[in-house]
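As structure tokens, the structure follows; a few thoughts come after it.
The values are calculated or read from the model by the stated rules, or taken from the named source; none is laboratory data. The structure displayed is predicted, hence computed values, not measured ones. As a convention, Cβ positions derive from the backbone with ideal geometry for all residues, glycine included, and neighbour counts pool all protein chains shown. These area figures cover heavy atoms from the full protein model, side chains too; ligands, DNA and RNA do not enter into them. Shrake-Rupley method; radii C 1.70, N 1.55, O 1.52, S 1.80 Å.
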Amino acid sequence: MNQVAVLISLARHPKSGRLMLSPNDARALAVAKEMADDVRLIHVGETAHALTLRQYLGLGFPSLELIEMTDGADVCEVLVSYLRNDAPEVILTGLCALGQEDTGLVPYVLAEALSRPLVDRVLSVDSASNTAQQFLPRGQRRQLSLPECAILTISDKAPLTLEYVARRAREGLIHEVPSQRESIASVWSDQWVRESRRPGRRRLTIKSQAHGWDRFTKRLASPGGGGEVIKNDLERSVDRVLEVLAEKKLLPNAS
Amino acid sequence: MIAVNLDETCDLVKRADLAVIADAETWMQSVIDRMEVLA
């Protein structure tokens, strides 16, 4: 296989919301590394995120291509116009981006727009026989022979085998590419509801103002169902308790 | 749930179905006495 490209995205940390390396894309990179020595890494995004993108270079890649995103553009439109002229034979993607509200549709839209077959949930690729192992549920696997040009999405069950080396992350090169758009309106379905990209992040977890101790004491202070309280009356309390126990059939002579 | 405690502000007293404010030891002895009489 001559040319392999991996589309990489930036994930958001589920707790802190910070941008980080996407494990799904790191799996795709691990598969790509097995397929070819020279792998192209392609990212559509902002140059401000270059530092985070360097994490991918730290996995053992000398350079990546960063296509600058213009406001309002769709990632797919930018990618299609970029890949149309200079398309690698095999394009790998992670199963789904791990930001927020990600659909995992990008590879499908690309496959449709570039008229390429798509193989989803690939676990590994054997370059010698040109076959891919596909993930199926319940421990089943399927061997597929790969077409010459294809888009593969890598299963989230594929192993993370690449090691991060900080020196490689520092020394790698980021080539910035100006973006162009190509309308792919023919791909969009009429039934889709399309929303513009929402930058920034929202917290995934609801932040409670009260601390754990406050919640604990509040729970304890809540009324427990308005039970009966007997004070300063020993005889009556004994009567009442025996009555209750008899009601519940907990006295040996009451049953 | 039945709670026996001297402290009537105790959380168990608030939550119990029936709460008795008394010294548990003497109260329990009187319960035993009563049950012996019944038996």
Seminar exercise, completed: Counting only residues in the range B:13-39 that are more than 7 Å from every other protein chain (Cβ to nearest Cβ) and not β-branched (Val, Ile, Thr), the one most open to solvent (accessible area, probe 1.4 Å) is identified as B:Glu25
For this session: Select from the range B:1-12 the residues that are within 7 Å of chain A (Cβ to nearest Cβ) and within 8 Å of the chain's Cα centre (by Cα) and list them in ascending order.
Result: B:Ile2
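Yes/no matrix, rows are residues, columns are (1) open to solvent by 60 Å² or more (accessible area, probe 1.4 Å); (2) without any contact (Cβ under 8 Å) to a residue 60 or more places away in the chain:
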residue	(1), (2)
A:Val106	no, no
A:Gln143	yes, yes
A:Cys149	no, no
A:Leu162	no, no
A:Arg168	yes, no
A:Val177	no, no
For this session: From (1) modelled with pLDDT of 90 or more; (2) open to solvent by 10 Å² or more (accessible area, probe 1.4 Å), pick out the condition that doesn't hold for A:Gly94.
Result: (2)
Exercise. Of all residues in the range A:41-70, which are in a strand (DSSP E or B) and crowded, with 19+ Cβ neighbours inside 10 Å?
Worked result: A:Leu41, A:Ile42, A:His43, A:Val44, A:Gly45, A:Leu64, A:Leu66, A:Ile67
For this session: Check the range A:208-223 and report whether any residue there is under 30 Å from A:Leu19 (Cα atoms), open to solvent by 70 Å² or more (accessible area, probe 1.4 Å) and either of a type outside the set (Val, Ile, Thr) or at pLDDT 80 or above (or both).
Result: yes
Seminar exercise, completed: When restricted to A:Gly72, A:Gly94, the only residue more than 17 Å from the chain's Cα centre (by Cα) and of a type in the set (Gly, Ala, Ser) is A:Gly72
Seminar exercise, completed: Residues of the range A:79-132 being among the basic types (Lys, Arg) and assigned to a loop (DSSP other than H, G, I, E, B), in sequence order, are A:Arg116
